[in-house]
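Report on the following structure.
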Amino acid sequence: MHLSKDWRARTGCIDVAHTTPSIDRLEYRFLMVSTAPGNTRLPRLGGRTRKGVLVVHIASAGTWLGIDVAMAVVIVTALSSHDTGTRALCYQALQLFAVWPLFTTGIVCLTSGVLLGLGSKYGLLRYWWVATKLVLNLLLTGLVPVALRPGLAGLSELGRQLAAGHAVTASIGNMIYPPIVSPAALLIALVLAVFKPWGRIRGRA
């Protein structure tokens, strides 16, 4: 494979096949493909940068899981307690730590995951396991302000009424589902990251 003199002059590329005869042919082909017009790729993350972003990604996922566990504990406590004060406290506490902290953690996890994908050979839409993780992250993060926040806002108001001594009754049994679904999705994402199944998405280089 040889490059035309005109193309080399326009791109400033050196024909390493002639200047460095000992270079491995595979490396030479990779260089030609990656620098050819229309095949420009985003720069890869350096070793230290990638490790730093990976630490942020793992830490945010762990924080996410921790918030889910805390949310489950508070909800179960509210469901099992017969004390009005305890239930009122639980209802109000949920909105404090289970909405914006959870949403912020999801955004951090999503951003760091996107950076890892774009800065590595896996990309975002080249492999099924990466695309699936991306969809899970987008879905779970989006559900926090769209679905979880309104429900917890109602519970917080219920908690204020209980604390004020008003006789109110409400079922919060459906609130047990978020801290079950979210950790399950995080576990799926973890398994995908470890085993990397399904291979490439067809048609993606």
Taking Lys and Arg as +1 and Asp and Glu as -1, residues besides residue 187 with C-beta under 15 Å from its C-beta add up to 0
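Please get the size of the charge dipole for the stretch 47-195, origin at its Cα centre, with Cβ charges of +1 on Lys and Arg and -1 on Asp and Glu, quoted in debye to the nearest 20.
The calculation lands at about 680 debye.
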Residue 50 to residue 187: extension gain in nm, 0.36 nm per residue of separation minus the Cα-Cα distance?
47.1 nm
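First select every other residue whose beta carbon is under 15 angstrom from the beta carbon of residue 76; then total the charges, Lys and Arg +1, Asp and Glu -1. Write down the numbers at each step before the final one.
Working: positive: 87; negative: 68, 83.
So the environment of residue 76 carries a net charge of -1.
Within 10 Å, count the other beta carbons around each residue, average over each peptide in 155-165, 43-53, and list them highest first. Don't skip to the end; give the middle numbers.
On the way: 155-165: 16.3, 43-53: 12.0.
Going by the mean number of other Cβ atoms within 10 Å, highest first, we get 155-165, 43-53.
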Please list, in order along the stretch 184-201, the HN-Hα scalar couplings obtained from phi with the Karplus expression 6.51 cos²θ - 1.76 cosθ + 1.60 (θ = phi - 60°), rounded to whole Hz, x for Gly and Pro.
4, 5, 5, 5, 4, 4, 5, 4, 5, 5, 7, 9, 6, x, 6, x, 6, 6
Return the long-range amide H neighbours of residue 127 (sequence gap of 5 or more, or a different chain), with a cut-off of under 5 Å between placed amide H atoms.
201
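Every number in this text was worked out from the coordinates using simple rules, so none of it is lab data. What you are looking at is a predicted structure, and each value in this text was computed from that prediction instead of being measured. Heads up, the Cβs are rebuilt from the backbone with ideal geometry, glycines too, and the neighbour counts pull from every protein chain shown.
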